[in-house]
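This report refers to the structure that appears directly beneath it.
The values are calculated or read from the model by the stated rules, or taken from the named source; none is laboratory data. Since this is a predicted model, take the numbers as computed values, not measurements. Please note: Cβ atoms are built from the backbone with ideal geometry, for glycine as well, and neighbour counts cover all protein chains shown.
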Amino acid sequence: MTEKGLLLVLSGPSGVGKGTVKSAIVENKVFPFEYSVSMTTRKPRPGEVDGQDYYFVSEEKFGEAIKQGELLEYNKYVNNYYGTPFAPVKKMLDEGKDVLLEIDVNGAKTVREKMPDGVFIFLTPPDLHTLHLRLENRGTESEDVILGRINQARQEILVMQDYDYAVVNDTVANAVDHIKAIVDAEHVSVKRVIDTYRKMVRED
Ligand code: 5GP
């Protein structure tokens, strides 16, 4: 029987750099994993590729996916819907592949309820001022939207208590190093490997 892969959930406040950290992990192939591409009703930003960054869909199509029970979780976030298609995640985990989700804190809460065995990593900003500057520098949102996201971040930081790990995104390289260390450690945690060893001693 193939051992199941790890479900890695990377979350944290908007603008904390989840997307950048995720991209660094993907581009540098920091550890072997599959990325779960989310579905969204948000319009693509310059450079974003459909099917790679997101599946960009209409509200109607998103509503249909909810109705058909195709989403592991979904959330409305600053006027747009975001959700995780469940079938590909399940397939990859069953094949023994680690799967990375990069989702907002509400989505992560739902995933924790449905798949408590996942590894939940909370990415934190060094401070709220840095978060504000990062959102401004990205230059893709209006000041109103930025203020909305900062307010949301204040509340989101407190939900860290429901996670397994907190990683400070002071630099992307540091955050990536910590995440790699977490994944390596999780792969050898006794609760995950004990069944393999039980089988080994029975077979001896
Ligand atoms: P952005 O519009 O900046 O790409 O993403 C906005 C927020 O939506 C980010 O916090 C991002 O992590 C989150 N997000 C992306 N995909 C999903 C998803 O599938 N589900 C949920 N709940 N949030 C998501």
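Taken across segment 176-193, residues that are touching a helix residue (DSSP H, G or I) at 6+ places or on another chain (Cβ under 7 Å) and either on the phi > 0 side of the Ramachandran plot or at pLDDT below 95 (or both) do occur, with at least one present.
When you scan segment 66-84, do you find a residue that is closer than 29 Å to His178 by Cβ, surrounded by fewer than 16 Cβ atoms within 10 Å (Cβ to Cβ) and more than 11 Å from the ligand (Cβ to nearest atom), even just one? Taking every residue of segment 66-84 in turn, none turns out to be closer than 29 Å to His178 by Cβ, surrounded by fewer than 16 Cβ atoms within 10 Å (Cβ to Cβ) and more than 11 Å from the ligand (Cβ to nearest atom). Among the residues making up segment 38-65, those that are within 12 Å of the ligand (Cβ to nearest atom), more than 14 Å from Gly19 (Cα to Cα) and of a type in the set (D, E, K, R) are Arg42, Lys43.
Residue-wise test of (1) surrounded by 14 or more Cβ atoms within 10 Å (Cβ to Cβ); (2) under 26 Å from Val167 (Cα atoms).
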position	(1), (2)
Pro44	no, no
Val49	no, no
Leu101	yes, yes
Pro116	no, yes
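Residues that are more than 14 Å from the chain's Cα centre (by Cα) and either charged (D, E, K, R) or within 12 Å of the ligand (Cβ to nearest atom) (or both) are absent from segment 13-21 altogether.
Among the residues making up segment 137-169, those that are within 18 Å of the chain's Cα centre (by Cα), modelled with pLDDT of 85 or more and either of a type outside the set (A, V, I, L, M) or assigned to a strand (DSSP E or B) (or both) are Gln161, Asp162, Tyr163, Asp164, Tyr165, Ala166, Val167, Val168, Asn169. So is Leu131 more than 15 Å from Gln161 (Cα to Cα), assigned to a helix (DSSP H, G or I) and in contact with a helix residue (DSSP H, G or I) (Cβ under 7 Å, 6 or more places away or on another chain) or not? Judged against the criteria, Leu131 is a match. The single condition among (1) away from the ligand (no atom under 12 Å from the Cβ); (2) at pLDDT 90 or above; (3) of a type in the set (A, V, I, L, M, F, W, C); (4) assigned to a helix (DSSP H, G or I) that Val111 does not meet is (1).
Remark: Ala65 falls outside the filter, which requires a residue to be small (Gly, Ala, Ser) and under 29 Å from Val193 (Cα atoms). Pairing residues of segment 131-155 that are over 17 Å from Lys43 (Cβ atoms) with residues that are at pLDDT 85 or above and more than 14 Å from the ligand (Cβ to nearest atom), at Cβ distances under 6 Å and at least 6 apart in sequence or on separate chains, gives Ile150/His132.
Assessment of segment 157-178 against the conditions (touching a residue at least 60 places away in the same chain (Cβ under 8 Å) and among the charged types (D, E, K, R)) yields no matching residue.
Considered as a group, the residues in segment 175-194 that are closer than 13 Å to Leu10 by Cβ and among the aliphatic types (A, V, I, L, M) include one that is surrounded by the fewest Cβ atoms within 10 Å (Cβ to Cβ), and that residue is Ile182. Pro13 passes every criterion in (1) more than 25 Å from Gln161 (Cα to Cα); (2) in a loop (DSSP other than H, G, I, E, B) apart from (1).
Scanning segment 170-187 for residues that are out of contact with any Asp or Glu (no Cβ under 9 Å at 6 or more places or on another chain) and outside any loop (DSSP other than H, G, I, E, B) turns up Val172, Ala173, Asn174, Ala175, Val176, Asp177, His178, Ile179, Lys180, Ala181, Asp184, Ala185.
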